[in-house]
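Okay, so here's the structure we're looking at.
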Amino acid sequence: MTIIFDSGLGIMVTICMAFFAGVITNLDFSLTIAYLIGGIFSTFLVSNISQRSAVMKGGFFSALILGFLFFTINFYSGQAANIALYSFIGILNGIICAVITIGLMPFIESVFKVVTAMGLLELSHTDQPVLKEMFIKAPGTYNHSLLVSHLSENAAKSIGADYMLAKVAALYHDIGKLRRPEYFYENQVNMENVHDKLIPSMSKNIISSHIRDGIEDSIKNKIPRKVIQVISQHHGTSLMNYFYEKHKDRDTIRASNGNSELAESHFRYQTRKPQSKEAAILMLADSAEAAVRSIEEITPKKIEQMVNYIIDNKIKDGQLNESDITLKEIYTIRQNLVDGLISLYHSRISYPGTDLKLVDNK
């Protein structure tokens, strides 16, 4: 219960089961005390695990605790056989529980469509087929996703959010680009920008479709629904500035009744704004990494200025209004992203052909 949900629910179940254990053993509440102490201790052992080996470790320590408690309870009986038997049962109890938990966890995740930290850890391995495909077909997107994943994980840790969810969602947030990788700037190496030959509205439709395509491909690859929800919200209703400005510069568009408000809404992503801290973190990390990568002659000062600009712009645009994130947490994320991006880019050379206008055109 702790691994699937949280430690609070795990402790509640432990208290109930310990009480019932005392009732069905002729009101021997010494067993209740033993199971209560051992169960609560075990709950804390597995409250923040992300690897199956940690379950076995938790089971081992739980076995030692239960063995000691059963030894203590039966010590005053004076019967050596009972002391040895119940101490052995206590040790066996912890080990068997760990084995059953590991065996049932994949079944529970699959049948009940729940996602655990261990399941997320498996998805974070770069040997997943869809990530391998991204590495081959869209290497720029793959590199971007790895960096955003690293930034999102650290930012989530800094505010106590679900860092494994943020990390995995960041890894897969752009898999929709695999259908048309050449239309995205990070993959246009040694080739002309194909959008130069397209009208802005057509470019907008192609770029925005990577959200819908990403959701469809995530479902095909059996990505958990919880992760897909974060992926679907990582752009919110942000404005695609580059294509919007290009649209306004066209003489034919200027003549269309001057309805700039309608044009602006057309060049926004048609998805939900971030509904959680993890989705908000992914939005900020994604935009900040792409923006910093577009800077010529990167310096720590420019990185800080760009991150501040991106976050302030998202706040002013109301993109974070529907998430449960606070201003204090946003400030912590801001500092974390600045430090992370400086460590990633401070010694890198600038690349020719970048343009700050490409910030929101991923």
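Some observations on this one:
- Single residue of ILE315, ILE311 found to be part of a helix (DSSP H, G or I), in contact with a Lys or Arg (Cβ under 8 Å, 6 or more places away or on another chain) and farther than 25 Å from ASN187 by Cβ: ILE311
- Boolean, VAL130 is outside the structural domain of GLY214 (by TED's automatic domain parsing) and either touching a helix residue (DSSP H, G or I) at 6+ places or on another chain (Cβ under 7 Å) or not aromatic (Phe, Trp, Tyr) (or both): no
- Test result for GLU122, closer than 30 Å to ARG293 by Cβ and in a helix (DSSP H, G or I): yes
- Among the residues listed as GLY67, GLY58, the single one being within 25 Å of the chain's Cα centre (by Cα) and surrounded by 13 or more Cβ atoms within 10 Å (Cβ to Cβ): GLY58
- Matching entry among ILE83, ILE73, ILE89, ILE24 (being free of Cβ contacts under 8 Å to residues at least 12 places away in the same chain, over 30 Å from LEU121 (Cβ atoms) and not hydroxyl-bearing (Ser, Thr, Tyr)): ILE24
- Residue in region 21-30 that is closer than 14 Å to ALA98 by Cβ and not in a helix (DSSP H, G or I) present: no
- Residue check, ASN336 more than 19 Å from LEU165 (Cα to Cα) and surrounded by fewer than 23 Cβ atoms within 10 Å (Cβ to Cβ): no
- Lone unmet requirement of (1) touching a residue at least 40 places away in the same chain (Cβ under 8 Å); (2) surrounded by 15 or more Cβ atoms within 10 Å (Cβ to Cβ); (3) of a type outside the set (Gly, Ala, Ser) for LEU146: (1)
Residue-wise test of (1) in contact with an Asp or Glu (Cβ under 9 Å, 6 or more places away or on another chain); (2) closer than 16 Å to ARG272 by Cβ.
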| position | (1), (2) |
| --- | --- |
| ASN154 | yes, no |
| ALA169 | yes, yes |
| LYS177 | yes, no |
| HIS195 | no, no |
| ILE199 | no, no |
| MET202 | no, no |
| ILE211 | no, yes |
| LYS220 | no, no |
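- Residue in region 94-111 that is within 31 Å of the chain's Cα centre (by Cα) and either of a type in the set (D, E, K, R) or outside any helix (DSSP H, G or I) (or both) present: yes
- Residue match in region 129-142 (condition: closer than 24 Å to SER276 by Cα and out of contact with any Lys or Arg (no Cβ under 8 Å at 6 or more places or on another chain)): no
- Residue match in region 188-210 (condition: surrounded by 18 or more Cβ atoms within 10 Å (Cβ to Cβ), under 25 Å from HIS125 (Cβ atoms) and in contact with a Ser or Thr (Cβ under 8 Å, 6 or more places away or on another chain)): no
- Pick from region 96-127, criterion among the polar types (S, T, N, Q) and farther than 24 Å from GLY39 by Cβ, ranking: surrounded by the most Cβ atoms within 10 Å (Cβ to Cβ): SER124
- A single member of LYS57, LYS113 is touching a Pro at 6+ places or on another chain (Cβ under 8 Å), modelled with pLDDT under 85 and not aliphatic (A, V, I, L, M), and it is LYS113.
- The condition of being at pLDDT below 85 and not polar (S, T, N, Q) holds for only one of LEU104, LEU31, that being LEU31.
- Search result, residues across region 26-37 that are surrounded by fewer than 17 Cβ atoms within 10 Å (Cβ to Cβ), of a type in the set (S, T, N, Q) and under 18 Å from THR72 (Cα atoms): SER30
- Region 38-53 - residue that is more than 16 Å from ASP6 (Cβ to Cβ) and of a type outside the set (Ser, Thr, Tyr) and, of those, surrounded by the fewest Cβ atoms within 10 Å (Cβ to Cβ): GLN51
- None of ILE33, ILE15, ILE40 is over 28 Å from VAL115 (Cβ atoms) and outside the structural domain of GLU122 (by TED's automatic domain parsing) except ILE33.
The values are calculated or read from the model by the stated rules, or taken from the named source; none is laboratory data. Quantities reported herein were computed from a predicted structural model and do not represent experimental measurements. In this analysis, Cβ positions are derived from the backbone assuming ideal geometry, glycine residues included, and neighbour counts consider all displayed protein chains.
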